[in-house]
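Data first, discussion second: the structure below is written as C-alpha cells.
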Amino acid sequence: MRPVVIGISGASGSLLAKETVDELLRREVPTALVCSNDARLVWQEEMDSPFSETLAQWREHPHLVHYSIGDMKAPIASGTYPTRGMVVVPCSMGSIAAIAHGLSSNLLLRAADVCLKERRRLVVVPRETPLHQVHLENMLTLARMGAVVLPPEPAFYLKPDSVHDMVRFVVGRILVALGIDETLDEKYQYQGPGE
Ligand SMILES: Cc1cc2nc3c(=O)[nH]c(=O)nc-3n(C[C@H](O)[C@H](O)[C@H](O)COP(=O)(O)O)c2cc1C
C-alpha cells in the first residue's frame, strides 16, 4: 500500500499531529513523517512529553518511516515515488505561503509541492487567528490548485465535551479528506435534531 505523507509544521496544534499519526498507525496505514524544526519547538510548549520520545515510539512501528526536514534525497521529494497524498497538520502560515508559491526549501514543502504537481491529495490544516489578507489569499490559491483547506474548527453542534473530542473530530475529517475513510465515525456525524 502506498504511504500517506504527514508533515508537521510549527503552528499551534501538536496534539492534532500526534492524534493523526497515532490513528494512521492504529489502522496500519504506511506513514511517511516529516517534521519542521519549529514544529519541535511548538511541541515542546504544548505537549507533556518531548517530541523525541514520541518519535522514538513511532519509529518502532513497522508502518512508520521518518525523514529529516533537510533530507532532500528522501523518496517523498520525488514525484516518481508513489504516495496516497499528504496532510500538513498543523500547517503554519509560513508553510501555507511557501506551498502556495511553489517554494520548496525543506522536505515538508517539497513533498507538498510534489503532491500538487502530481495531482495527488493535499490536505492542509491551517492554524492562525485572526487571518490577514495574505493568509486568506494563500489559502485560496491552494484551494484553487485542488488542495483541501481544513481548518481545525470544532463542530459545536455535536456538543464536544473535551479537547480530545474536538481533536478526534478533526482527525476524522482529515482521514475522510485523505480518502482513508469514506465517512466520519457515527459519533461525529450530525444525526439531526434530537427529540
Ligand atoms: C508556541 C508557538 C506557537 C506558534 N503558533 C503558530 C500558529 O498557530 N500559526 C502559525 O502560522 N505560526 C505559529 N507559530 C510560528 C511558526 O512556528 C513560525 O512562523 C515558523 O517559522 C513556521 O515554520 P514552519 O512552517 O517551517 O514550521 C508559533 C510559534 C511558536 C513558538
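Around the amide H of MET86, modelled in the peptide plane, lie the amide H atoms of VAL5, ARG121, LEU122, VAL123, all under 5 Å away and 5 or more residues distant in sequence or on another chain.
Given the peptides 71-78, 17-24, arrange them by the average over their residues of other C-beta atoms within 10 Å, most packed first.
Numbers: 71-78: 16.2, 17-24: 22.2.
Averaged packing, sorted descending, gives the order 17-24, 71-78.
For the range 4-188, count all C-alpha to C-alpha pairs, find those more than 20 Å apart, and express that count as a whole percent of the total. Cα-Cα pairs of the range 4-188 separated by over 20 Å account for 51 percent. Using only side-chain charges placed at the Cβ, +1 for Lys and Arg and -1 for Asp and Glu, the dipole size of the chain relative to its Cα centre rounds to 820 debye. Computed on the Cα atoms alone, the convex hull of the range 109-180 gives a volume of 114 cubic angstrom per residue. Highest mobility in the GNM of the chain, judged by mean-square fluctuation with C-alpha springs under 10 Å and restricted to VAL89, VAL34, VAL148, is found for VAL148. Relative contact order for the range 4-188: 23 percent, from Cα pairs under 8 Å spaced at least 6 residues apart, divided by residue count.
Net charge within 13 Å of HIS135 by Cβ-Cβ distance, Lys/Arg positive one each and Asp/Glu negative one each, not counting HIS135 itself? Each step should come with its number before you reach the end.
On the way: positive: ARG127; negative: GLU128, GLU137.
Once all neighbours under 13 Å are counted, the net charge is -1.
How much mean residue ellipticity at 222 nm does the chain get from its helices, if each DSSP H run of length 4 or more adds -39500 (n - 2.57) and you divide by all residues, to the nearest 500 deg cm²/dmol?
Values: 7 runs with 78 residues, N = 195.
Calculated from helices alone, the mean residue ellipticity at 222 nm is -12000 deg cm²/dmol.
When the dipole is taken about the Cα centre of the range 117-187, and only Lys, Arg (+1) and Asp, Glu (-1) are charged at their Cβ, what size is it in debye, to the nearest 20?
Values: 10 positive and 10 negative charges, 65 e Å.
The calculation lands at about 320 debye.
Dipole of the range 4-188 computed with +1 at Lys/Arg Cβ and -1 at Asp/Glu Cβ about the Cα centre; of THR183, TYR157, SER49, farthest Cα towards the positive end is THR183. Taking the empirical scaling 2.2 N^0.38 Å for compact globular proteins as reference, the range 1-113 has a Cα radius of gyration ratio of 0.98. Of the GluC sites (Glu not before Pro) found in the range 135-187, those in coil by DSSP whose Cβ has at most 14 other Cβ atoms within 10 Å are GLU182. With a Cα cut-off of under 23 Å and a minimum spacing of 8 residues unless on different chains, the lysine pairs in the chain number 4.
No lab work stands behind these numbers, since they all come straight from the coordinates. Everything numeric in this text was worked out from a predicted model, so none of it was measured. Using ideal geometry, Cβ is built from the backbone for each residue, glycine included, and neighbour counts are taken over all protein chains shown.
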